[in-house]
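See structure below.
The values are calculated or read from the model by the stated rules, or taken from the named source; none is laboratory data. Remember, it's a predicted structure, so these values are computed and weren't measured experimentally. So basically every Cβ, Gly included, is an ideal-geometry build from the backbone, and we count neighbours across all protein chains shown.
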Ligand code: UGA
């Protein structure tokens, strides 16, 4: 099938690469020339493992001109929906893409909306500018750092739209649904296709991210409470992992969830509920808890470190396995510490510089970041920080405080190396 993808961002390029690798003829339409040229050079701005190589290998075309949409059997909308100042998704780019698609696409073309959009967007497009076409909401559930794996082997495919679109839709994803004829002879399980209304599919995306974020906020509360009542957080959370109704994933406490999805999508979900006159009390609490989690960690550092002191920060990315610093708790922490007069020098294995971020000085190694620091703060859950040589680290730091914002280090090994160990939990607000 011929597929046009509008928007060469993260979702667009991951979808393009995977569909092209499944044998489709894929073209990405991208109007931002800098971004277009980067992808043409095989240069991935987010450093997603394997993505740039797969785009080249599977011969995805990058073009600036939307007229190529006229050749497509399927058009994928994968443009950005950044939050406005009240946290609501700004869907200007989706509407602009719809105008182009309406102008060029053939009758009955399948239009998949993969951008995360408010409930009712697909219905509005279907009954408005795209009425000649078949509009299907098809949210993505990819994790950064694992996008290709998640796209080739999804847990489920969620889609919603007119029932007559389902046949073409399933043909598009046939190899992935069947888990066979995948590149390199890889095989997967058969993937359930969950076909529903467009509104349900749109809400399903927010519901998944909102639930995972809420789970993490609850986990962080349990970790805090465990400390306060003299229990061990990892034993408590570890025991929950064995209950299949809870599951072992998203149980690791930290200084809060971040990234380009959870913060944006939880606020968007709250705005969707508000707009419908529904008070989503649990979600509001989860968002509030996430802010407090970071604030109490920052406050504990500020209280212990001498004024105008320096913090050696380990980690800048919003999570391990990515170079993405958007809505990173580590950056929020650096900003907050800097606003209180502390200096932050940081190391991250994937981030060598951050543009326009005066609150943090990026250093090339752990030792460079921590040399002479009054305290060390672990802010991203990179596995290499868990096995760091703590004695060597202590030899270069001036102070002996180690703040572990991701519960990576065992307290006893930190103490044995000469640190006073503080995890994220147990400090009053
Ligand atoms: C998230 C979802 O997991 C994807 O399913 C979804 O497709 C994506 O958003 C999106 O909407 O595009 P991602 O933003 O890549 O994916 O991040 P996650 O791996 O889910 O992590 C989110 C945050 O939770 C990170 O800050 C991470 O450090 C934190 N986290 C995660 C924890 O603190 N503890 C955990 O146990 C797991």
* To do: Tell me which residues, restricted to the stretch 92-108, are over 30 Å from the mean Cα position of the chain (by Cα) and under 20 Å from residue 172 (Cβ atoms).
  => 104, 105, 106, 107, 108
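Just name the residue that is surrounded by the most Cβ atoms within 10 Å (Cβ to Cβ) out of those in the stretch 409-429 that are over 19 Å from residue 220 (Cβ atoms) and at pLDDT below 95.
So in the stretch 409-429, the residues over 19 Å from residue 220 (Cβ atoms) come out as 410, 412-420.
Within this subset, residues satisfying the condition of being at pLDDT below 95 are 410, 412.
Numbers: 410: 14, 412: 9.
Looking at the filtered set, the residue picked out is 410.
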* To do: Would you check if there is a residue in the stretch 67-80 being part of a strand (DSSP E or B), more than 16 Å from the ligand (Cβ to nearest atom), in contact with a helix residue (DSSP H, G or I) (Cβ under 8 Å, 6 or more places away or on another chain) and in the same structural domain as residue 134 (by TED's automatic domain parsing)?
  => yes
* Filter pass, residue 63 being without any contact (Cβ under 8 Å) to a residue 40 or more places away in the chain and closer than 18 Å to residue 25 by Cα -> yes
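Just for the stretch 224-241: of the residues that are in contact with a helix residue (DSSP H, G or I) (Cβ under 7 Å, 6 or more places away or on another chain) and farther than 30 Å from residue 154 by Cβ, which one is nearest to the ligand (Cβ to nearest atom)?
Within the stretch 224-241, the match that is nearest to the ligand (Cβ to nearest atom) is 233.
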* Asked: Which members of the stretch 198-215 meet the condition of being in contact with a helix residue (DSSP H, G or I) (Cβ under 8 Å, 6 or more places away or on another chain) and within 12 Å of the ligand (Cβ to nearest atom)?
  -> 205, 206, 207, 209, 210, 212, 213, 214
* To do: Give 82, 45 a once-over and let me know the one that is without any contact (Cβ under 8 Å) to a residue 60 or more places away in the chain and under 23 Å from the mean Cα position of the chain (by Cα).
  => 45
* Within the stretch 176-187, is even one residue without any contact (Cβ under 8 Å) to a residue 12 or more places away in the chain, out of contact with any strand residue (DSSP E or B) (no Cβ under 8 Å at 6 or more places or on another chain) and within 16 Å of the ligand (Cβ to nearest atom)? -> no
* Only one of 375, 350, 379 that is surrounded by 16 or more Cβ atoms within 10 Å (Cβ to Cβ), touching a residue at least 60 places away in the same chain (Cβ under 8 Å) and more than 20 Å from residue 423 (Cβ to Cβ) -> 350
* From the list 296, 267, 284, pick out the single residue that is touching a strand residue (DSSP E or B) at 6+ places or on another chain (Cβ under 7 Å) and away from the ligand (no atom under 11 Å from the Cβ). => 267
